[in-house]
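Since the structure comes first, as structure tokens, the remarks are kept for the end.
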Amino acid sequence: MKRTLTLLLSLALIAGLATSCSPNNASDASPSPLGSAPASPVATDPFELPDYVTEPEGEVLFTLDGTDIHEKEFKYWARTLLAQSPDVENPDWDYIKSESETSIRLYHAVAAKAAEKGLTLTDEEQEYIDTQITNPYEQWLMEISLYFERIRLESEPTDEDVIAEGAEAGVLRAKHILFKTVEDDRVTPLSDELIAEALQKATDVYNELRETADDRDALLALYDERMTELSQDGGAISNPDGYQWVPGTMREQFTATTQNLKDYEFSEPVDIVDGYSVILRLPLDPDMEIIGAGVTLRDYAAGKASQDMALAWSEELTATYSEGYDTLDVAEMLR
């Protein structure tokens, strides 16, 4: 989980900055607050790190395909990751060390790929970077982010790719018809009589749906009709196309039941804690948001594909480490 979070952090800088802070959105954007280093002149070669970063400070920690990675660049990422640590007072220094290297490798790999493709900034992009971002290393990160966004857009995933990626990640989509067995506080049980009544209503709906099971269009029409008329799920009205989520973000029994259904299959009445529910599993929707993730399935799949692509490039770089890198004390370095 930690590694995934860090890669997402790196890729948020690579791909996210390139879209949310692009010149087209300049009026709404603000400089990235990562790092606190003072500004200095921008590098003249877009694929060379700014002088501020490469000026000697401590040892060269390692090289990537012959490019020296100085302590100053490593510190930038170590400090960024330390700020993201869930326990700043007692951080996982081994994690910070390895993920600082991963982030550095990602950016240098993208820079190398952009150089290979002969990419350059537009005048508008260059002006935006010069005027909106003061930290020279972040200017370089932004430049590489823009290049990466161009490369990424050359191969947008198809709907089939998006759905396959969602399935591999365990994403689910379903809607349900709920008959409550608890009060509005979602804790206090209703009377035994009302609970029995809820189960009977759910069973009646289930039996009615079974009569249309061989006609998908009729099934879906009847299901939506009964959901609109009878469901006591407060979110049904605002989510008429159902919910899309990953395990751990919905009721456990709701998730487990959905996992055991095929697309367009519906369940017998199942107790999902809030009440008895008749659940209909649906195919994944590329453009529906994933609950708890804040992104659509398409955005998730595109981000995952970008991550895999950047990681593959980074693994192609040849790294040569300094003699003391294995025993590098990151905590001491940042003091």
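Scanning segment 69-108 for residues that are among the small types (Gly, Ala, Ser) and either surrounded by fewer than 21 Cβ atoms within 10 Å (Cβ to Cβ) or under 21 Å from the mean Cα position of the chain (by Cα) (or both) turns up 83, 85, 98, 100, 103.
Every listed requirement among (1) over 30 Å from residue 236 (Cα atoms); (2) surrounded by fewer than 18 Cβ atoms within 10 Å (Cβ to Cβ); (3) in contact (Cβ under 8 Å) with a residue 40 or more places away in the chain is met by residue 169 save one, (1). The C-beta contact set for segment 57-84 (first residue polar (S, T, N, Q), second residue modelled with pLDDT of 90 or more, distance under 6 angstrom, 6+ apart or interchain) comprises 63/320.
For residue 188, the conditions (1) surrounded by 15 or more Cβ atoms within 10 Å (Cβ to Cβ); (2) closer than 13 Å to residue 275 by Cβ; (3) hydroxyl-bearing (Ser, Thr, Tyr) are fulfilled apart from (1).
Go through the residues of segment 302-318 one by one and say whether even a single one is among the polar types (S, T, N, Q), crowded, with 17+ Cβ neighbours inside 10 Å and not assigned by TED's automatic domain parsing to the domain that holds residue 67. No, there is no match, as no residue in segment 302-318 is among the polar types (S, T, N, Q), crowded, with 17+ Cβ neighbours inside 10 Å and not assigned by TED's automatic domain parsing to the domain that holds residue 67.
Do we find that residue 258 is within 21 Å of residue 182 (Cα to Cα) and hydroxyl-bearing (Ser, Thr, Tyr) in this structure? Steps first, please.
Numbers: within 21 Å of residue 182 (Cα to Cα): no; hydroxyl-bearing (Ser, Thr, Tyr): yes.
Criteria not met by residue 258.
Assess whether residue 296 counts as being touching a residue at least 12 places away in the same chain (Cβ under 8 Å) and not basic (Lys, Arg).
Details: touching a residue at least 12 places away in the same chain (Cβ under 8 Å): no; not basic (Lys, Arg): yes.
No: the conditions fail for residue 296.
The values are calculated or read from the model by the stated rules, or taken from the named source; none is laboratory data. Computed from a prediction, not measured in an experiment: that's the story for all the values here. Note that each Cβ is placed from the backbone with ideal geometry, even for glycine, and that neighbours are counted across all protein chains shown.
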